[in-house]
Amino acid sequence: MIEVFKTNVVTKEDAILILDVLHNSNALYLANFDLADRDHILRVRSLIGSVDALEIMSVLHRHGFQGEVLSDDVPFLQEDLLG
């Protein structure tokens, strides 16, 4: 499973710090940042089971950052359903 987070991490150094903490705290997580994205995206994939979003947000918070889960809802118009 993959969770995507909007964060306020902006520097490569801070991203590396957060990734190190995540990878050391849970060996089943693979994570990366997309700092070029306007939402400074953090993607976390669990090799087995689900990603604990509260754990990820707690790691960010403990290091002075904020994060929130981005919804995977795809917006659509009612006309799209009608063809």
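Every read-out reported here was derived from the displayed coordinates using simple, explicitly stated rules and does not represent laboratory data. No experiment lies behind these values; they were computed from the predicted model shown. A quick note on method: Cβ atoms are made from the backbone with ideal geometry, for glycine too, and the neighbour counts reach across all protein chains shown.
Counting only alpha carbon atoms, the long axis of helix 12-25 and the longest principal axis of the chain meet at about 80°.
Computing Rg and the Kirkwood Rh from the Cα coordinates of segment 2-82 gives a ratio, Rg/Rh, of 1.07. Counting only alpha carbon atoms, the long axis of helix 53-62 and the longest principal axis of the chain meet at about 50°. Dipole size of the chain about its Cα centre, with +1 on Lys/Arg Cβ and -1 on Asp/Glu Cβ: approximately 320 debye, rounded to the nearest 20. Computed over the chain, the per-residue total of -39500 (n - 2.57) for DSSP H runs of n ≥ 4 gives a 222 nm mean residue ellipticity of -10000 deg cm²/dmol, rounded to 500.
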